[in-house]
Structure formats: structure tokens, C-alpha cells
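A.B. asks: Just dropping this structure here.
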Amino acid sequence: MKALVSAVLTLAGAVAVADDLVVLQDGAPAAGYVGLIGDKARWDTPVGAAPVTSDSGYLSMTVDNNEGLVQGAWNGKGEAQYFLAASEPQDLSGMLDQDAALVLVARVDEPPNKAVVLKMGCVYPCESSTDITRLLEALPGQQWIRVSFDLRCFADNGLDVTNVDVPLLVSTRGALGLSIADVRLVPGAGKDAIIRCR
């Protein structure tokens, strides 16, 4: 599976380079990041090696180190989120200057039945979001796909790129099955991103 993800990144022109800011690789957060899930009972439950469920039971998350992925199952009973948080807020203005994109290698295991939002955070309540429901509905099921989001779109929609502490958050009130293997910011990928605003 890890070789497959590498192939997806390579074929899509997102070969890992020194300038990439890796947030999640092979399903594991990079140094300086932590994976968390949450719902109304508690918004920041850590994701570790063992399967974990949010306090109200709306989201279950499993990390598969052998396959190199993190797999989320939202049951549709209430709002829940999965996110990657930085230990310290980061200045991504250099990434913006380099026309970077937020790039994911993801697989839709169960299509959404309600709206799904992808957010980047700049110390709560500062955030910027985009609705990815139609994108997830359009992706072929059970296939690894590289999806990319122009960082400038988030900046234009209120993200303070000098103070980013959550580079990725996925939230829905509905049912959704989503696996993620890789998350990174890739310089130069913004102009060709799937979701762009220029």
C-alpha cells in the first residue's frame, strides 16, 4: 500500500522534495504534528496506535501502520471531526508566495450523505474552510486519489497564513468513510490544484 501511495504521488507530479512540508506520511503524523478526533463531548481526543472513538461515538478512527493509512468512519449521528494539529503555529507565508497547495492522498470508503467541510485553522476561532462534499461524491470509491487545494483559496477566505496551527480538518454531521495516507503542502502545486481560485 505504501508503494501504491508513492506511485500516486509520483504519477500526479507531487514527488516528495525537500521543500514539501509533510504533515502526514504513511498514515502517521510527521514530527511536530498530532492526529486528533472530536465531537461535542470532547473536541481533541488523540489518535494513537489503537483504534479510537470520539466521546459521543460519532467517529471511529483506525491507524494501520502496515498499510500506511488512517481510516475514519463517521456514523452520521452527530458532528465529528478529524484533524492534524501542529505543536506550534506555523508561518506558511513562504508557501503562499510559492503558490503551494494542500495535497492529500485519500480514498473514499463510503460516500458522504451530508455536507463535508475541509478546514485549515489559524488558532481558534481563526479558520478558513471549503465544502468538499461534491468532490468526495465524484471521486471513484475504494481508489487512492491525489486531491489538491490551492492554499491561496484558504488565504483569500480568511486564513492567517502566518499563524497556522491546523493544516487539515475534516468535519461532517453525516455518514462518511474516508482513508488518508498522505498530507503535505507542495510548493508550485497551487496553479494546477483540483480546487483553485485563480
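A.B. asks: Can you give the FRET efficiency for residue 156 and residue 114, using 1/(1 + (r/R0)^6), R0 = 41 Å, r = Cβ-Cβ distance, to the nearest 0.05? Walk me through the numbers on the way to the answer.
C.D. replies: Values: r = 26 Å, r/R0 = 0.63.
It comes out at approximately 0.95.
A.B. asks: If you roll a 1.4 angstrom probe over the protein chains with everything in place, what fraction of the accessible area of segment 56-147 belongs to carbon and sulfur, to the nearest %?
C.D. replies: The nonpolar share, carbon plus sulfur, comes to 45 percent.
A.B. asks: Between beta-carbons, use under 11 Å as the cut-off and find the net charge around residue 73, counting Lys and Arg +1, Asp and Glu -1.
C.D. replies: Result for the neighbourhood of residue 73: -2.
A.B. asks: Probe of 1.4 angstrom, ligands and nucleic acids ignored: what's the accessible area per residue over segment 93-155, in square angstrom?
C.D. replies: Details: 2770 Å² over 63 residues.
Computed with neighbouring chains in place, this is 44 Å² per residue.
A.B. asks: Still on this structure, please answer the following. Run the numbers for residue 22 and residue 142: contour at 0.36 nm per residue of separation, minus the present Cα-Cα distance, in nm.
C.D. replies: Working: separation 120, 0.36 × 120 = 43.20 nm, distance 2.39 nm.
Result for the pair: 40.8 nm of gain on full extension.
A.B. asks: Continuing with the same structure: Taking θ as phi - 60°, what are the ³J(HN,Hα) couplings along segment 78-90 by the Karplus curve (6.51, -1.76, 1.60), each to the nearest whole Hz, with x for Gly and Pro?
C.D. replies: Values per residue, Gly and Pro as x: x, 5, 8, 9, 10, 8, 10, 10, 8, 5, 9, x, 10 Hz.
A.B. asks: Could you please report the charge total around residue 115, scoring K, R as +1 and D, E as -1 over all other residues with beta-carbon less than 14 angstrom from its beta-carbon? Please list the in-between numbers first.
C.D. replies: Details: positive: 114, 119, 134, 173; negative: 79, 131, 137.
Local net charge: +1.
A.B. asks: While we're on this one: If you wrap a convex hull around the Cα atoms of the chain, how much volume per residue is inside, in Å³?
C.D. replies: Spelled out: Cα convex hull of the chain, divided by residues, is 105 Å³.
A.B. asks: Compute the signed sum of charges (Lys and Arg +1, Asp and Glu -1) over the other residues within less than 14 Å, Cβ to Cβ, of residue 44.
C.D. replies: That sum, taken over residues with Cβ under 14 Å, equals -1.
A.B. asks: Next up: How many angstrom separate the Cα center of segment 178-192 from the Cα center of segment 70-148?
C.D. replies: Comparing the Cα centres of segment 178-192 and segment 70-148, I get a distance of 10 Å.
The values are calculated or read from the model by the stated rules, or taken from the named source; none is laboratory data. Nothing here was measured: the structure is a model prediction, and the numbers come from that model. FYI the Cβ positions are ideal-geometry reconstructions off the backbone, even for glycines, and counts take in every protein chain you see. Keep in mind that these areas ignore ligands, DNA and RNA; they rest on the heavy atoms of the full protein, side chains included. Shrake-Rupley method; radii C 1.70, N 1.55, O 1.52, S 1.80 Å.
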